[in-house]
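The values are calculated or read from the model by the stated rules, or taken from the named source; none is laboratory data. Everything numeric in this text was worked out from a predicted model, so none of it was measured. Note that we place each Cβ from the backbone using ideal geometry, even for glycine, and neighbour counts take in every protein chain shown. Accessible surface is based on the protein model in full, side chains and every heavy atom, while ligands, DNA and RNA are left aside. Shrake-Rupley method; radii C 1.70, N 1.55, O 1.52, S 1.80 Å.
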Amino acid sequence: MIKIAPSILAADPLCLGRDAERAAEAGCDWIHVDVMDAHFVPNLAYTPETVRHLKKIVSVPLDVHLMMDHPETLLDAFLQAGADIVTIHAEISADISAVLERIHAAGAAAGIALKPGTPAETVLPYFKKADMILAMTVEPGFGGQKLDDRVLDKIRKLRKMGYTGEIEADGGIREDNLQALADCGLTVAVMGTALFRSEDMAASIMRLHAMGRK
């Protein structure tokens, strides 16, 4: 079964709690929270307080994606706010191993993300420390983009290289392209507009859950 993680970046910005609760009630597995610093990516979004308040509203895990040049500076704040999964980027200059260890020490799951142009081999040194690899299927920063098909090969390569943990993808994922990702080895799909604009989110999630690797 594919796990579904609705991204609140596509929710109503004035009603994040309501929309996150609606997604949880519709049967999603995680809530995805994109954190952007306006430096690593050209956009700005969300703080530890966002995570803290979401934690009070939903019971599903909070999947926090830190698109930041220096995630280590606010890492403890996000962990203390209730992040269940914290993902940092492979492209940053920080000591990635040390940051992943800090996440685990706090009792959370640790993920590492790759931009579309970053080779799969970049994360090979972290296979044993990362519970999840996030393969970005668009350039991070804005929702509503078209999925970059090159990432299909990257997901296949990660599996061929022996990675056995969760592989998540984020960006441009829809009901009509999710099966292709699942066939490559994807286990978690981050979806934004495709879910929050759905007329029946629960029915959509039920169909998406039924997809899996053939």
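Annotations
- For the stretch 19-72, the per residue solvent-accessible surface stands at 41 Å², with DNA, RNA and ligands left out and a 1.4 Å probe.
- Carbon/sulfur fraction of accessible area - the stretch 63-106, other protein chains in place, 1.4 Å, %: 48 percent
- HN-Hα J in Hz across the stretch 35-46 - Karplus 6.51, -1.76, 1.60, θ = phi - 60°, x for Gly and Pro: 10, 10, 9, 6, 10, 5, 10, x, 7, 9, 7, 6
- Ellipsoid semi-axes for the chain, based on the Cα gyration tensor and the rule √(5λ), read 23, 22, 15 Å when sorted largest first.
- Centroid-to-centroid separation of the stretch 14-69 and the stretch 96-131 [C-alpha atoms, Å]: 20 Å
- Gain upon complete extension [Asn43, Glu199; 0.36 nm per residue less C-alpha separation]: 53.3 nm
- Leu14/Ala98 FRET efficiency (R0 41 Å; Cβ-Cβ; nearest 0.05): 0.60
- Subtracting the Cα-Cα distance of Ser59 and Asp153 from 0.36 nm times their residue separation leaves 30.4 nm of extension gain.
- With the charge dipole of the stretch 31-115 set up from +1 on Lys and Arg Cβ and -1 on Asp and Glu Cβ about the Cα centre, the Cα lying farthest toward the positive end among the listed residues Thr47, Ala113, Leu62 is that of Leu62.
- Net length available on complete extension from Lys160 to Arg174 is 2.5 nm, with 0.36 nm assigned per residue and the Cα-Cα distance removed.
- Working from Cα pairs under 8 Å separated by at least six residues, relative contact order for the stretch 56-179 is 20 percent.
- When each of the peptides 80-90, 113-123, 157-167 is scored by how many other beta carbons lie within 10 Å of its residues on average, the order from highest to lowest is 80-90, 113-123, 157-167.
- Cβ-based charge dipole, the chain, positive-most Cα from Gln80, Thr164, Leu16: Thr164
- Residue of Ala20, Ala202, Ala135 that the Gaussian network model of the chain assigns the largest fluctuation, springs spanning Cα pairs under 10 Å: Ala202
- Highest-first arrangement of 24-33, 55-64, where packing means the average Cβ count within 10 Å: 24-33, 55-64
- Only Cα pairs under 8 Å and 6+ residues apart enter the sum, and on that basis the relative contact order of the stretch 92-146 stands at 36 percent.
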